[in-house]
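Written out below as structure tokens is the structure these notes cover.
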Amino acid sequence: MTVVLVEPGKLARIAQIGTSLSELQAAVDGNIETFYPYEEQVCIVCDDEGKIYGKPLNRAIYNEDGTIMDIMAGTFFICDCSKPSFGSLSEEQQQRFVNQFKYPEQFCRINGEITAIKYKPERNEAR
């Protein structure tokens, strides 16, 4: 299936991954968990214990007013969730989510608020 793959410290990219449980787990390097932050029928699939095991913080997920609602740890991907099993994103969704998650983020606390700062990865880390 065609997904948007988002790895810590790297540019988001369109990727092909398998649909078996072992292939989904390999993509996120752990047991899978789904997160549904969007109104459309897509989901984020991530390692359900990424934060517990101290995986690198990856990207922030924002609510409609631009406030950080969660920070993903470790690799995750975005896929279609409109059917009982995961599926490919449309081409429009692929481009939209690649653009949304394009650049990696670093996190810091400023005036008591956690802030995400986008950065361009080093050339050898970009992909």
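Each value in this text was obtained by applying a stated rule to the coordinates, not by laboratory testing. Bear in mind that the values here come from a model prediction, so they are computed numbers and not experimental data. For neighbour counting, all protein chains shown are included, and Cβ atoms are generated from backbone atoms with ideal geometry for every residue, glycine included.
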Can you give me the Cα centroid spacing of the stretch 43-98 and the stretch 10-30 in angstrom? 12
Within the chain, helix-based [θ] at 222 nm, where runs of 4 or more DSSP H residues each add -39,500 (n - 2.57), nearest 500: -4000 deg cm²/dmol
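Report the relative contact order of the chain, percent, no decimals, based on alpha-carbon pairs under 8 angstrom and at least 6 residues apart.
29
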Packing-ranked peptide list from 42-52, 64-74, highest mean Cβ count within 10 angstrom first, is 42-52, 64-74
So how tilted is helix 91-100 from the main axis of the chain? Cα-based, degrees 0 to 90, rounded to 10. 20
